[in-house]
Amino acid sequence: MVRGWFEKTVDEISPLQRGFDLPTSKIINGEYPVVYSNGIGATHNVAMVKAPGVVTGRSGTIGSLTFVDKDYFPHNTTLWVTDFKENDALFIYFLLHQIDWQRFATGSGVPTLNRNDVHELRLSIPEDITEQRRIAEALSDTDALITALEKLIAKKRAVKQGAMQELLTGKRRLLGFSGEWVETTLGESCEIKDGTHQTPKYVDYGIPFYSVENVTSGDFRNTKFISPNEHRFLTANYKIKCGDILMTRIGSIGVCKYVDWNVGASFYVSLALLKCRNKIDARFLSLYSQSEQFQKEIELHSLQHAIPKKINIGNLALVRLTMPTLTEQTAIAEILSDMNAEIDAMTAKLDKLRNIKQGMMSELLTGRIRLEEDTDNGKD
(Lines give C-alpha, C1' and ligand atoms only; values in the text may rest on other atoms or scores of the structure.)
Protein backbone atom coordinates (compact mmCIF):
# COMPACT_ATOMS: atom_id res chain seq x y z
CA MET A 1 0.00 0.00 0.00
CA VAL A 2 1.27 3.50 -0.88
CA ARG A 3 2.34 5.50 2.15
CA GLY A 4 -0.51 7.76 3.30
CA TRP A 5 -3.09 5.82 1.29
CA PHE A 6 -5.64 3.42 2.76
CA GLU A 7 -7.92 0.79 1.29
CA LYS A 8 -11.60 1.21 2.13
CA THR A 9 -14.93 -0.01 0.79
CA VAL A 10 -17.10 2.22 -1.37
CA ASP A 11 -19.61 2.26 1.48
CA GLU A 12 -16.92 3.63 3.82
CA ILE A 13 -15.79 6.27 1.28
CA SER A 14 -18.98 7.39 -0.47
CA PRO A 15 -22.18 5.39 0.23
CA LEU A 16 -24.77 5.38 -2.52
CA GLN A 17 -28.55 5.70 -2.44
CA ARG A 18 -31.25 5.34 -5.07
CA GLY A 19 -32.64 8.58 -6.51
CA PHE A 20 -36.19 9.89 -6.26
CA ASP A 21 -39.28 9.33 -8.38
CA LEU A 22 -40.08 12.19 -10.73
CA PRO A 23 -42.43 11.49 -13.64
CA THR A 24 -41.88 13.73 -16.65
CA SER A 25 -45.40 15.10 -16.27
CA LYS A 26 -44.52 16.35 -12.77
CA ILE A 27 -41.42 18.31 -13.74
CA ILE A 28 -41.79 22.07 -13.27
CA ASN A 29 -39.06 24.02 -15.01
CA GLY A 30 -36.76 25.64 -12.47
CA GLU A 31 -33.17 26.26 -11.48
CA TYR A 32 -32.23 22.81 -10.16
CA PRO A 33 -30.75 20.17 -12.50
CA VAL A 34 -32.48 16.80 -12.73
CA VAL A 35 -29.80 14.12 -13.08
CA TYR A 36 -30.78 10.98 -14.98
CA SER A 37 -28.77 7.81 -15.55
CA ASN A 38 -27.01 9.39 -18.54
CA GLY A 39 -26.53 12.88 -17.11
CA ILE A 40 -28.45 16.12 -16.61
CA GLY A 41 -31.61 16.04 -18.73
CA ALA A 42 -33.96 18.68 -17.29
CA THR A 43 -34.39 21.30 -14.57
CA HIS A 44 -36.93 21.35 -11.77
CA ASN A 45 -38.19 23.86 -9.22
CA VAL A 46 -37.29 21.57 -6.32
CA ALA A 47 -33.90 20.18 -5.24
CA MET A 48 -33.65 17.00 -3.19
CA VAL A 49 -29.90 17.05 -2.47
CA LYS A 50 -27.43 19.77 -1.52
CA ALA A 51 -24.38 20.37 -3.70
CA PRO A 52 -21.80 19.17 -4.42
CA GLY A 53 -23.05 15.89 -5.79
CA VAL A 54 -21.78 12.77 -7.55
CA VAL A 55 -24.35 10.66 -9.38
CA THR A 56 -24.06 7.43 -11.36
CA GLY A 57 -26.49 5.59 -13.62
CA ARG A 58 -28.46 2.85 -11.87
CA SER A 59 -30.95 1.73 -14.52
CA GLY A 60 -30.63 1.88 -18.30
CA THR A 61 -27.26 3.60 -18.60
CA ILE A 62 -24.94 1.95 -16.09
CA GLY A 63 -21.90 3.67 -14.67
CA SER A 64 -22.23 7.08 -16.33
CA LEU A 65 -20.90 9.53 -13.72
CA THR A 66 -22.04 13.14 -13.28
CA PHE A 67 -20.55 15.79 -10.99
CA VAL A 68 -23.03 18.47 -9.89
CA ASP A 69 -21.89 21.76 -8.40
CA LYS A 70 -25.33 23.07 -7.41
CA ASP A 71 -28.29 21.65 -5.47
CA TYR A 72 -29.97 19.00 -7.61
CA PHE A 73 -32.62 16.32 -8.04
CA PRO A 74 -31.23 12.78 -8.57
CA HIS A 75 -33.76 10.77 -10.61
CA ASN A 76 -34.75 7.25 -9.57
CA THR A 77 -32.71 5.83 -12.46
CA THR A 78 -29.55 6.89 -10.56
CA LEU A 79 -27.54 6.28 -7.43
CA TRP A 80 -26.19 9.35 -5.63
CA VAL A 81 -23.49 9.79 -2.99
CA THR A 82 -25.21 10.48 0.32
CA ASP A 83 -22.08 11.26 2.38
CA PHE A 84 -18.53 12.07 1.22
CA LYS A 85 -17.16 11.06 4.65
CA GLU A 86 -14.99 14.22 4.81
CA ASN A 87 -13.40 13.35 1.46
CA ASP A 88 -13.16 15.83 -1.41
CA ALA A 89 -16.28 15.47 -3.57
CA LEU A 90 -14.54 16.13 -6.87
CA PHE A 91 -11.85 13.58 -5.99
CA ILE A 92 -14.58 11.01 -5.27
CA TYR A 93 -16.09 11.74 -8.68
CA PHE A 94 -12.80 10.89 -10.40
CA LEU A 95 -12.10 7.95 -8.05
CA LEU A 96 -15.41 6.27 -8.93
CA HIS A 97 -14.33 6.25 -12.59
CA GLN A 98 -11.94 3.47 -11.56
CA ILE A 99 -14.87 1.10 -11.02
CA ASP A 100 -15.93 -1.30 -13.76
CA TRP A 101 -19.62 -0.63 -13.18
CA GLN A 102 -20.80 -2.95 -15.96
CA ARG A 103 -19.75 -6.06 -14.06
CA PHE A 104 -22.30 -5.23 -11.37
CA ALA A 105 -25.18 -4.86 -13.85
CA THR A 106 -28.05 -7.34 -13.55
CA GLY A 107 -31.23 -7.99 -15.54
CA SER A 108 -31.71 -9.49 -18.98
CA GLY A 109 -33.78 -6.55 -20.27
CA VAL A 110 -32.92 -3.10 -18.93
CA PRO A 111 -29.58 -3.39 -17.08
CA THR A 112 -29.80 -2.44 -13.41
CA LEU A 113 -27.18 -1.69 -10.77
CA ASN A 114 -27.51 -2.88 -7.17
CA ARG A 115 -25.79 -0.47 -4.80
CA ASN A 116 -25.14 -3.22 -2.24
CA ASP A 117 -22.90 -5.06 -4.71
CA VAL A 118 -20.84 -1.92 -5.30
CA HIS A 119 -20.65 -0.98 -1.62
CA GLU A 120 -18.38 -3.94 -0.84
CA LEU A 121 -15.81 -3.00 -3.49
CA ARG A 122 -12.50 -1.80 -2.02
CA LEU A 123 -10.66 1.27 -3.35
CA SER A 124 -7.41 2.98 -2.37
CA ILE A 125 -7.67 6.58 -1.24
CA PRO A 126 -5.22 9.16 0.20
CA GLU A 127 -5.99 10.05 3.80
CA ASP A 128 -4.85 13.66 3.34
CA ILE A 129 -7.69 15.68 1.80
CA THR A 130 -5.12 18.18 0.50
CA GLU A 131 -3.65 15.45 -1.69
CA GLN A 132 -7.13 14.51 -2.83
CA ARG A 133 -7.76 18.11 -3.86
CA ARG A 134 -4.46 18.34 -5.77
CA ILE A 135 -5.33 15.21 -7.73
CA ALA A 136 -8.88 16.43 -8.42
CA GLU A 137 -7.57 19.81 -9.56
CA ALA A 138 -5.05 18.26 -11.98
CA LEU A 139 -7.70 16.01 -13.52
CA SER A 140 -10.27 18.80 -13.58
CA ASP A 141 -7.84 21.09 -15.45
CA THR A 142 -7.34 18.37 -18.05
CA ASP A 143 -11.11 17.94 -18.32
CA ALA A 144 -11.45 21.68 -18.92
CA LEU A 145 -8.93 21.51 -21.79
CA ILE A 146 -10.81 18.56 -23.31
CA THR A 147 -14.18 20.32 -23.03
CA ALA A 148 -12.84 23.54 -24.56
CA LEU A 149 -11.32 21.63 -27.48
CA GLU A 150 -14.55 19.65 -28.01
CA LYS A 151 -16.50 22.91 -28.23
CA LEU A 152 -13.97 24.42 -30.64
CA ILE A 153 -14.10 21.34 -32.90
CA ALA A 154 -17.92 21.47 -32.89
CA LYS A 155 -17.77 25.15 -33.87
CA LYS A 156 -15.26 24.46 -36.66
CA ARG A 157 -17.43 21.64 -37.99
CA ALA A 158 -20.48 23.91 -38.04
CA VAL A 159 -18.52 26.58 -39.92
CA LYS A 160 -17.29 23.98 -42.43
CA GLN A 161 -20.82 22.61 -42.91
CA GLY A 162 -22.09 26.11 -43.62
CA ALA A 163 -19.26 26.76 -46.07
CA MET A 164 -19.98 23.48 -47.86
CA GLN A 165 -23.68 24.28 -48.23
CA GLU A 166 -22.83 27.62 -49.85
CA LEU A 167 -19.70 26.83 -51.87
CA LEU A 168 -20.80 23.45 -53.24
CA THR A 169 -24.08 24.85 -54.56
CA GLY A 170 -22.82 28.16 -55.95
CA LYS A 171 -24.81 30.20 -53.42
CA ARG A 172 -21.54 31.90 -52.49
CA ARG A 173 -18.77 32.38 -55.00
CA LEU A 174 -15.09 32.76 -54.29
CA LEU A 175 -13.44 36.06 -55.25
CA GLY A 176 -12.57 36.14 -58.95
CA PHE A 177 -15.12 33.54 -60.09
CA SER A 178 -18.38 34.16 -61.93
CA GLY A 179 -20.51 32.58 -64.63
CA GLU A 180 -23.12 29.84 -64.60
CA TRP A 181 -22.39 26.35 -63.35
CA VAL A 182 -22.91 23.61 -65.92
CA GLU A 183 -25.14 20.55 -65.56
CA THR A 184 -23.54 17.20 -66.37
CA THR A 185 -23.85 13.60 -65.18
CA LEU A 186 -21.67 11.32 -63.12
CA GLY A 187 -21.24 9.08 -66.18
CA GLU A 188 -20.00 12.01 -68.29
CA SER A 189 -17.69 13.19 -65.52
CA CYS A 190 -16.19 9.86 -64.46
CA GLU A 191 -15.31 6.40 -65.62
CA ILE A 192 -17.31 4.16 -63.27
CA LYS A 193 -16.30 0.61 -62.39
CA ASP A 194 -17.79 -1.84 -59.90
CA GLY A 195 -15.93 -4.32 -57.75
CA THR A 196 -15.86 -8.08 -57.86
CA HIS A 197 -19.18 -9.94 -57.74
CA GLN A 198 -17.58 -13.02 -56.22
CA THR A 199 -16.65 -13.41 -52.58
CA PRO A 200 -12.87 -13.91 -52.52
CA LYS A 201 -10.92 -16.24 -50.31
CA TYR A 202 -9.53 -14.18 -47.46
CA VAL A 203 -6.03 -14.63 -46.05
CA ASP A 204 -4.41 -13.43 -42.84
CA TYR A 205 -2.25 -10.89 -44.61
CA GLY A 206 -1.84 -9.72 -48.20
CA ILE A 207 -3.64 -7.20 -50.43
CA PRO A 208 -6.32 -5.02 -48.74
CA PHE A 209 -9.89 -5.77 -49.77
CA TYR A 210 -12.19 -2.77 -49.23
CA SER A 211 -15.86 -2.86 -48.24
CA VAL A 212 -18.72 -0.44 -47.52
CA GLU A 213 -17.68 -0.33 -43.85
CA ASN A 214 -14.22 1.01 -44.78
CA VAL A 215 -15.74 3.89 -46.77
CA THR A 216 -18.48 4.82 -44.28
CA SER A 217 -16.09 4.74 -41.30
CA GLY A 218 -13.16 6.29 -43.17
CA ASP A 219 -10.96 3.54 -41.68
CA PHE A 220 -8.89 1.80 -44.34
CA ARG A 221 -6.41 0.25 -41.90
CA ASN A 222 -8.82 -2.35 -40.54
CA THR A 223 -9.50 -4.39 -43.69
CA LYS A 224 -9.76 -7.96 -44.88
CA PHE A 225 -6.98 -9.32 -47.12
CA ILE A 226 -6.70 -11.43 -50.26
CA SER A 227 -3.70 -13.08 -51.90
CA PRO A 228 -1.65 -11.20 -54.55
CA ASN A 229 -2.65 -13.76 -57.19
CA GLU A 230 -6.37 -13.28 -56.53
CA HIS A 231 -5.87 -9.52 -56.49
CA ARG A 232 -4.32 -9.59 -59.95
CA PHE A 233 -7.23 -11.68 -61.22
CA LEU A 234 -9.89 -9.40 -59.71
CA THR A 235 -8.29 -6.14 -60.88
CA ALA A 236 -7.26 -7.21 -64.37
CA ASN A 237 -9.12 -4.30 -65.96
CA TYR A 238 -8.46 -1.51 -63.46
CA LYS A 239 -6.34 -0.34 -60.55
CA ILE A 240 -7.29 1.90 -57.63
CA LYS A 241 -4.99 4.92 -57.80
CA CYS A 242 -4.34 7.97 -55.66
CA GLY A 243 -6.88 10.56 -56.86
CA ASP A 244 -9.73 8.07 -57.41
CA ILE A 245 -13.00 8.01 -55.47
CA LEU A 246 -14.63 5.00 -53.80
CA MET A 247 -18.41 5.25 -53.48
CA THR A 248 -20.85 3.03 -51.61
CA ARG A 249 -23.74 1.69 -53.70
CA ILE A 250 -25.33 -0.87 -51.40
CA GLY A 251 -26.70 -0.05 -47.95
CA SER A 252 -25.63 3.50 -47.13
CA ILE A 253 -25.51 4.55 -50.77
CA GLY A 254 -23.67 7.57 -52.16
CA VAL A 255 -20.99 7.90 -49.47
CA CYS A 256 -17.69 8.86 -51.09
CA LYS A 257 -14.07 8.62 -50.02
CA TYR A 258 -11.34 10.42 -51.91
CA VAL A 259 -8.30 8.14 -52.21
CA ASP A 260 -5.39 10.33 -51.11
CA TRP A 261 -2.91 7.54 -50.41
CA ASN A 262 -0.90 5.17 -52.58
CA VAL A 263 -2.96 2.03 -52.79
CA GLY A 264 -2.94 -1.45 -54.19
CA ALA A 265 -6.28 -2.94 -53.26
CA SER A 266 -9.39 -4.76 -54.44
CA PHE A 267 -12.99 -4.00 -53.52
CA TYR A 268 -16.34 -5.71 -53.43
CA VAL A 269 -19.35 -5.10 -55.69
CA SER A 270 -20.94 -3.02 -52.92
CA LEU A 271 -18.55 -0.21 -53.92
CA ALA A 272 -18.03 1.73 -57.14
CA LEU A 273 -14.70 3.14 -58.30
CA LEU A 274 -14.88 6.62 -59.86
CA LYS A 275 -12.01 7.78 -62.06
CA CYS A 276 -12.57 11.45 -62.80
CA ARG A 277 -12.13 12.77 -66.33
CA ASN A 278 -10.08 15.86 -67.24
CA LYS A 279 -12.61 18.56 -66.32
CA ILE A 280 -13.43 17.19 -62.86
CA ASP A 281 -11.43 17.71 -59.66
CA ALA A 282 -11.83 14.47 -57.68
CA ARG A 283 -11.47 16.24 -54.34
CA PHE A 284 -14.31 18.61 -55.28
CA LEU A 285 -16.53 15.74 -56.41
CA SER A 286 -15.94 13.81 -53.18
CA LEU A 287 -16.98 16.91 -51.22
CA TYR A 288 -19.88 17.65 -53.59
CA SER A 289 -21.20 14.14 -52.85
CA GLN A 290 -22.08 15.37 -49.34
CA SER A 291 -24.42 18.06 -50.70
CA GLU A 292 -28.19 17.76 -50.42
CA GLN A 293 -28.51 18.06 -54.20
CA PHE A 294 -26.24 15.06 -54.83
CA GLN A 295 -27.90 12.91 -52.18
CA LYS A 296 -31.35 13.63 -53.68
CA GLU A 297 -30.06 12.52 -57.08
CA ILE A 298 -28.62 9.31 -55.60
CA GLU A 299 -31.95 8.58 -53.93
CA LEU A 300 -33.86 9.34 -57.13
CA HIS A 301 -31.82 6.83 -59.17
CA SER A 302 -31.65 4.11 -56.51
CA LEU A 303 -33.69 0.89 -56.60
CA GLN A 304 -36.53 2.26 -54.49
CA HIS A 305 -37.80 -0.97 -52.94
CA ALA A 306 -34.54 -2.88 -52.64
CA ILE A 307 -33.53 -4.13 -49.20
CA PRO A 308 -30.80 -3.22 -48.51
CA LYS A 309 -30.95 -0.05 -50.59
CA LYS A 310 -28.98 -0.24 -53.86
CA ILE A 311 -27.99 1.82 -56.87
CA ASN A 312 -26.87 0.09 -60.05
CA ILE A 313 -23.80 1.17 -62.00
CA GLY A 314 -25.99 2.17 -64.96
CA ASN A 315 -28.24 4.33 -62.79
CA LEU A 316 -25.22 5.80 -61.02
CA ALA A 317 -24.04 7.15 -64.37
CA LEU A 318 -27.35 9.05 -64.74
CA VAL A 319 -26.92 11.04 -61.51
CA ARG A 320 -26.93 14.73 -62.43
CA LEU A 321 -24.26 17.15 -61.22
CA THR A 322 -24.07 20.94 -61.40
CA MET A 323 -20.39 21.90 -61.64
CA PRO A 324 -18.29 25.05 -61.94
CA THR A 325 -15.13 25.27 -64.03
CA LEU A 326 -12.22 23.03 -63.09
CA THR A 327 -10.29 26.04 -61.72
CA GLU A 328 -13.17 26.98 -59.39
CA GLN A 329 -13.64 23.34 -58.37
CA THR A 330 -9.98 23.17 -57.35
CA ALA A 331 -10.16 26.46 -55.43
CA ILE A 332 -13.25 25.31 -53.49
CA ALA A 333 -11.72 21.89 -52.81
CA GLU A 334 -8.54 23.48 -51.41
CA ILE A 335 -10.48 25.69 -49.00
CA LEU A 336 -12.69 22.87 -47.73
CA SER A 337 -9.76 20.43 -47.59
CA ASP A 338 -7.82 22.93 -45.46
CA MET A 339 -10.81 23.12 -43.11
CA ASN A 340 -10.92 19.32 -42.92
CA ALA A 341 -7.18 19.16 -42.23
CA GLU A 342 -7.54 21.68 -39.38
CA ILE A 343 -10.42 19.71 -37.84
CA ASP A 344 -8.51 16.42 -38.24
CA ALA A 345 -5.47 17.92 -36.49
CA MET A 346 -7.63 19.21 -33.65
CA THR A 347 -9.39 15.83 -33.36
CA ALA A 348 -6.02 14.07 -33.15
CA LYS A 349 -5.03 16.51 -30.39
CA LEU A 350 -8.30 15.76 -28.60
CA ASP A 351 -7.65 12.01 -28.77
CA LYS A 352 -4.17 12.62 -27.37
CA LEU A 353 -5.57 14.69 -24.49
CA ARG A 354 -8.09 11.97 -23.67
CA ASN A 355 -5.33 9.38 -23.61
CA ILE A 356 -3.23 11.63 -21.40
CA LYS A 357 -6.13 12.05 -18.99
CA GLN A 358 -6.68 8.29 -18.92
CA GLY A 359 -3.02 7.77 -18.08
CA MET A 360 -3.15 10.47 -15.41
CA MET A 361 -6.16 8.84 -13.77
CA SER A 362 -4.47 5.45 -13.79
CA GLU A 363 -1.37 6.85 -12.08
CA LEU A 364 -2.81 9.56 -9.79
CA LEU A 365 -5.82 7.61 -8.50
CA THR A 366 -3.66 4.68 -7.45
CA GLY A 367 -0.88 6.70 -5.83
CA ARG A 368 1.76 5.44 -8.27
CA ILE A 369 2.51 9.10 -9.00
CA ARG A 370 2.25 11.63 -6.18
CA LEU A 371 1.68 15.36 -6.66
CA GLU A 372 3.86 17.52 -4.50
CA GLU A 373 2.36 20.58 -2.85
CA ASP A 374 3.36 23.87 -4.51
CA THR A 375 5.56 25.67 -2.00
CA ASP A 376 6.78 28.38 -4.39
CA ASN A 377 3.95 30.76 -3.42
CA GLY A 378 4.45 32.73 -6.62
CA LYS A 379 8.04 33.77 -5.87
CA ASP A 380 10.78 33.70 -8.52
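Numbers for the structure displayed
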| read-out | value |
| --- | --- |
| Filtered residues of region 304-326 (kept if under 31 Å from the mean Cα position of the chain (by Cα) and not in a loop (DSSP other than H, G, I, E, B)) | K310, L316, L321 |
| Only listed residue being closer than 30 Å to G359 by Cα and among the polar types (S, T, N, Q), chosen from S59, S25 | S59 |
| Top-ranked residue in region 19-48 [being in contact with an Asp or Glu (Cβ under 8 Å, 6 or more places away or on another chain) and in a loop (DSSP other than H, G, I, E, B); ranked as surrounded by the most Cβ atoms within 10 Å (Cβ to Cβ)] | A47 |
| Qualifying residue in region 49-62 (condition: surrounded by fewer than 20 Cβ atoms within 10 Å (Cβ to Cβ) and in contact with a Lys or Arg (Cβ under 8 Å, 6 or more places away or on another chain)) | yes |
| Test set (1) surrounded by fewer than 21 Cβ atoms within 10 Å (Cβ to Cβ); (2) over 29 Å from the mean Cα position of the chain (by Cα) - W261 fails condition number | (2) |
| Among residues of region 283-316, those that are among the small types (G, A, S), out of contact with any strand residue (DSSP E or B) (no Cβ under 6 Å at 6 or more places or on another chain) and surrounded by 14 or more Cβ atoms within 10 Å (Cβ to Cβ), counted | 2 |
| Output for region 73-103, where each listed residue is in contact (Cβ under 8 Å) with a residue 40 or more places away in the chain, closer than 27 Å to D21 by Cβ and assigned to a helix (DSSP H, G or I) | I92, Y93, L96, W101, Q102 |
| All positions within region 189-199 that are surrounded by 13 or more Cβ atoms within 10 Å (Cβ to Cβ) and either in a strand (DSSP E or B) or of a type in the set (V, I, T) (or both) | C190, E191, I192, K193, D194, T196 |
| Residues of region 104-116 classified as at pLDDT 80 or above and in a loop (DSSP other than H, G, I, E, B), total | 2 |
| Subset of region 1-18 that is assigned to a loop (DSSP other than H, G, I, E, B) and hydrophobic (A, V, I, L, M, F, W, C) - its residue that is modelled with the lowest pLDDT | M1 |
| Candidates K151, K156 - the one that is in a helix (DSSP H, G or I), of a type in the set (D, E, K, R), out of contact with any helix residue (DSSP H, G or I) (no Cβ under 6 Å at 6 or more places or on another chain) and over 30 Å from K275 (Cβ atoms) | K151 |
| Set S291, S270: member being in contact (Cβ under 8 Å) with a residue 60 or more places away in the chain, of a type outside the set (K, R) and more than 29 Å from Q198 (Cβ to Cβ) | S291 |
| Region 200-229, residues that are more than 31 Å from the chain's Cα centre (by Cα) and either surrounded by fewer than 18 Cβ atoms within 10 Å (Cβ to Cβ) or among the basic types (K, R) (or both) | K201, S227, P228, N229 |
| Candidates L167, L139, L149, L145 - the one that is surrounded by 14 or more Cβ atoms within 10 Å (Cβ to Cβ) and within 30 Å of T322 (Cα to Cα) | L167 |
| Residue check for T61: touching a residue at least 40 places away in the same chain (Cβ under 8 Å) and either in the same structural domain as D117 (by TED's automatic domain parsing) or farther than 13 Å from R115 by Cβ (or both) | no |
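Listed here are the residues, each with its yes/no results for (1) in contact with a Leu (Cβ under 8 Å, 6 or more places away or on another chain); (2) in the same structural domain as P308 (by TED's automatic domain parsing).
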| site | (1), (2) |
| --- | --- |
| T147 | no, no |
| M164 | yes, no |
| L168 | yes, no |
| E191 | yes, yes |
| T196 | yes, yes |
| Y202 | no, yes |
| Y205 | no, yes |
| S211 | yes, yes |
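The values are calculated or read from the model by the stated rules, or taken from the named source; none is laboratory data. Just so we're clear, the structure is a prediction, and the values are computed from it rather than from any experiment. Virtual Cβ from ideal backbone geometry, glycine too; neighbours counted across all protein chains shown.
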